[in-house]
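Note sheet for the following structure.
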Amino acid sequence: MAARRALKAVLVDLNGTLHIEDAAVPGAQEALKRLRGSSVVVRFVTNTTKESKQDLLERLKKLEFDISEDEIFTSLTAARSLVEQKQVRPMLLVDDRALPDFKGIHTNDPNAVVIGLAPEHFHYQILNQAFRLLLDGAPLIAIHKARYYKRKDGLALGPGPFVTALEYATDTKATVVGKPEKTFFLEALRGTGCEPEEAVMIGDDCRDDVGGAQNVGMLGILVKTGKYRAADEEKINPSPYLTCESFPHAVDHILQHLL
Amino acid sequence: MATWSERLAGVRGVLLDISGVLYDSGAGGGVPIPGSVEAVARLKQSQLKVRFCTNESQRSRGKLVGLLQRLGFDISEGEVTAPAPAACQILKERGLRPHLLIHDEIRSEFDKIDTSNPNCVVIADACDAFSYKNMNKAFQVLMELENPVLISLGKGRYYKETSGLMLDVGAYMKALEYACGVEAEVVGKPSPEFFQSALQVMGVEAHQAIMIGDDIVGDVGGAQRCGMRALQVRTGKFRPSDEHHPEVKADGYVDNLAEAVDLLLQHLDK
């Protein structure tokens, strides 16, 4: 493992960490201000594939978070670049609200499948269409593979289980572009001029946020908000650098111990 | 490769897969695979013991048999080994009360099972009932349990309908396994207990039995692991790449059930 260096960048997850759907985590806005008062670069990295960057930004503004569009790095952006790079025409199994992020991409006569969190598309006949495309050799691009996420009415299935279903049925592997993929974290850091050893990730998903970040050499802080469930920190090895109550506590730790 | 007479020597019992071997399901019930109605009749007239071994979990045995009879097959419910009755037995033995993620057409198989306050999930080929909402409900039941038990009726990847290939229960089983971090207990092919129970009813030893199916892994691989021989038919879900499967090699590949029966009857021990 590379030696740790002075902290220069903080990556922060959005849903479950800064806010839970339409409610801010108590104290998160002030904590973000405190963090910005220090010398670190802050980036917001999210697997929230339901919404375009513009939607995310509007919600964050409504919750009075001081964030600009170019600080947000989403798995949709990452998926779009891969589609362009492969020059394919995707069947887009993504939430309708995410479609603006794919504006200009040809989707007629599809020869690829892009799958995100799209409960309204995850019914049998649609998945079967995707399955048949994959059997014909179309590549499967998964925006992320999260197992589940937290809704106001409880835990709900993420896209991961449906990606796994298609992988198993067709004996293929999806190319995953979101967290916890290494390239996702490296792409998010690109432009900050920081190395993974100079960065910390804060999130509520032990495997995807903390495990993924730690796999590229960052520190990972797990917060007990959002989808966190008791003993989640035992799901990864090595365990999280730190587990704390919520985002404000994580910021306090960074300001007191990592700068 | 050995000659057919060597490969088929000593066979006394035949296990037949149903979907993709006898018929292809689809709109209006389905259509028989050409030659299969006669092939079943010829087998049953021979000295070979015959049993049907299916992972059908979209409709009850009664409904399946009724459909096959309408298509012209000589088949009765008592001749069919299917996963739903096997699952019911397991549920009773272990005091499990299932949340059922199943198609309405198979619900009657679970009529006598207590489904109140569920402490496990049973998943079958639910087809259109595999909605996000229904999957999510099953997921939530499993996540509430201290010891989540997921029972899957088969774990097939896909099957053939007249309109094309269709996702099977295995894909959805994997989805729930992944979501909950559990491993499903599979009732049906390729589980050895399931093949054994079919052999037991027939009164035939594994080495005297041959399985005929369209699924290279579930039918052929599963049967071979139990010590049976197995043929793959080039009907149903068969794909040419199956003949070069990295792990499973059938004892023979035949165009359809009719050819399999021709060979069996031709090389029957006199």
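A few comments on the model shown:
- Subset tally (residues that are facing chain B (nearest Cβ under 7 Å) and under 18 Å from the mean Cα position of the chain (by Cα)) for the range A:156-171: 6
- Total residues in the range A:208-259 satisfying the condition of being under 19 Å from A:Glu21 (Cα atoms) and buried (at least 17 other Cβ atoms within 10 Å of the Cβ): the figure is 11.
- Positions within the range A:59-116 being small (Gly, Ala, Ser), farther than 21 Å from A:Asp22 by Cα and open to solvent by 40 Å² or more (accessible area, probe 1.4 Å), in sequence order: A:Ser81, A:Gly104
- Cβ-Cβ under 9 Å pairs, at least 6 apart or on other chains, the range A:180-191 side part of a loop (DSSP other than H, G, I, E, B), far side open to solvent by 80 Å² or more (accessible area, probe 1.4 Å): A:Pro180/A:Arg207; A:Pro180/A:Asn215; A:Gly191/A:Asp70
- Selection status of A:Ala130, away from every other protein chain (no Cβ under 13 Å), crowded, with 21+ Cβ neighbours inside 10 Å and either assigned to a loop (DSSP other than H, G, I, E, B) or not β-branched (Val, Ile, Thr) (or both): no
- Matching residues in the range A:133-146 - criterion: being at the interface with chain B (Cβ under 10 Å from one of its Cβ atoms) and either farther than 23 Å from B:Ser163 by Cα or assigned to a loop (DSSP other than H, G, I, E, B) (or both): A:Lys145, A:Ala146
- For the range A:6-48, the set of residues classified as open to solvent by 50 Å² or more (accessible area, probe 1.4 Å) and either in a loop (DSSP other than H, G, I, E, B) or without any contact (Cβ under 8 Å) to a residue 60 or more places away in the chain (or both) consists of A:Ala6, A:Lys8, A:Asp22, A:Ala23, A:Pro26, A:Lys33, A:Arg36, A:Gly37, A:Ser39, listed by residue number.
- Failed criterion for B:Ala250 (all others in (1) in a helix (DSSP H, G or I); (2) touching a Leu at 6+ places or on another chain (Cβ under 9 Å); (3) more than 30 Å from B:Leu142 (Cβ to Cβ); (4) outside the structural domain of B:Leu16 (by TED's automatic domain parsing) hold): (1)
- Of all residues in the range A:163-179, those being without any contact (Cβ under 8 Å) to a residue 40 or more places away in the chain, open to solvent by 10 Å² or more (accessible area, probe 1.4 Å) and either in a helix (DSSP H, G or I) or among the polar types (S, T, N, Q) (or both) number 5.
- Any hit, the range B:151-167, residues being crowded, with 22+ Cβ neighbours inside 10 Å, of a type in the set (S, T, N, Q) and not in a helix (DSSP H, G or I): yes
- The lone criterion from (1) open to solvent by 10 Å² or more (accessible area, probe 1.4 Å); (2) touching a Lys or Arg at 6+ places or on another chain (Cβ under 8 Å); (3) free of Cβ contacts under 8 Å to residues at least 40 places away in the same chain left unmet by A:Gly160 is number (1).
- Residues in the range B:124-148 that are part of a loop (DSSP other than H, G, I, E, B) and either within 10 Å of chain A (Cβ to nearest Cβ) or touching a helix residue (DSSP H, G or I) at 6+ places or on another chain (Cβ under 8 Å) (or both): B:Ala124, B:Asp125, B:Ala126, B:Phe130, B:Ser131, B:Pro148.
- Single residue of B:Ser36, B:Ser46 found to be among the small types (Gly, Ala, Ser) and open to solvent by 10 Å² or more (accessible area, probe 1.4 Å): B:Ser46
- Per-region count, the range B:149-174, residues among the acidic types (Asp, Glu) and within 8 Å of chain A (Cβ to nearest Cβ): 1
The values are calculated or read from the model by the stated rules, or taken from the named source; none is laboratory data. Not measured: the values here are computed from a predicted model. So basically every Cβ, Gly included, is an ideal-geometry build from the backbone, and we count neighbours across all protein chains shown. Each accessible area value is taken on the protein alone, full model and side chains, heavy atoms only, with ligands, DNA and RNA left out. Shrake-Rupley method; radii C 1.70, N 1.55, O 1.52, S 1.80 Å.
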